[in-house]
Amino acid sequence: MTKIISSPTCGNSPKMEFLKKFNIAFAEGNVDFLSECVVEDIVWNIVGDRKIDGIDKFMEELEKMKSKKVTELIINQILSHGKEGASNGIMKMQNGKQYAFSDFYVFKNTKSTVLKSITSYVIEI
């Protein structure tokens, strides 16, 4: 079970609450939930590493990542405005490694909680 630590301001709006759930699902490897939260032509740019285009490649990548167990997720901030959002924090892994992350999201539209693109910055600490 992944330990979740989240800033109390991370749920101040429906989109912020959605992004909190999205980050938790990512840490827990909940591929079914994550696949429902993105458009078919999702673009995920993991800066300096790779760019993933489309739901099929997105799902493949999530399945690969599932084997890397997250023991603790610390969400420091979640922001949202209009059709954009962002989150940052730290993931502590079962193998002892820790990663600082910052993700930037673009929603399908201003009313939607379906993601059109994700840009991720990940640094081992």
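For a modelled paramagnetic label at Asp32, 7 Å from Cα along Cα-to-Cβ, the residues of the range 52-87 in reach, with backbone nitrogen under 18 Å, are 59-60, 62-64, 66-67. Extending 7 Å from the Cα toward the beta-carbon at both Gln94 and Glu17 defines two label points whose distance is 3.2 nm. Across the range 1-58, counting alpha-carbon atoms alone, Rg and Dmax equal 13.0, 34 Å.
I want to make sure I understand the PRE zone here: with the label point 7 angstrom from the Cα of Glu72 toward its beta carbon, which residues in the range 102-125 have backbone N atoms less than 15 Å away? Residues passing the 15 Å test: 125.
Beyond a 25 Å Cα-Cα separation, which of these cross-linked pairs lie in this structure: Lys68/Lys108; Lys64/Lys97; Lys3/Lys68; Lys20/Lys68; Lys64/Lys116; Lys68/Lys111? Spell out each step's value before the answer.
Working: Lys68/Lys108 29 Å; Lys64/Lys97 17 Å; Lys3/Lys68 15 Å; Lys20/Lys68 20 Å; Lys64/Lys116 21 Å; Lys68/Lys111 33 Å.
Beyond 25 Å between Cα atoms: Lys68/Lys108; Lys68/Lys111.
Dimensions of the chain based on its C-alpha atoms, expressed as ranges along the principal axes with the largest first, amount to 38, 34, 26 Å.
Read-outs: derived from the displayed coordinates by stated rules, not from any lab. Treat the numbers as computed from the prediction; the structure is a model and nothing was measured. Every residue, glycine as well, gets a Cβ built from its backbone with ideal geometry; the counts of neighbours run over all protein chains shown.
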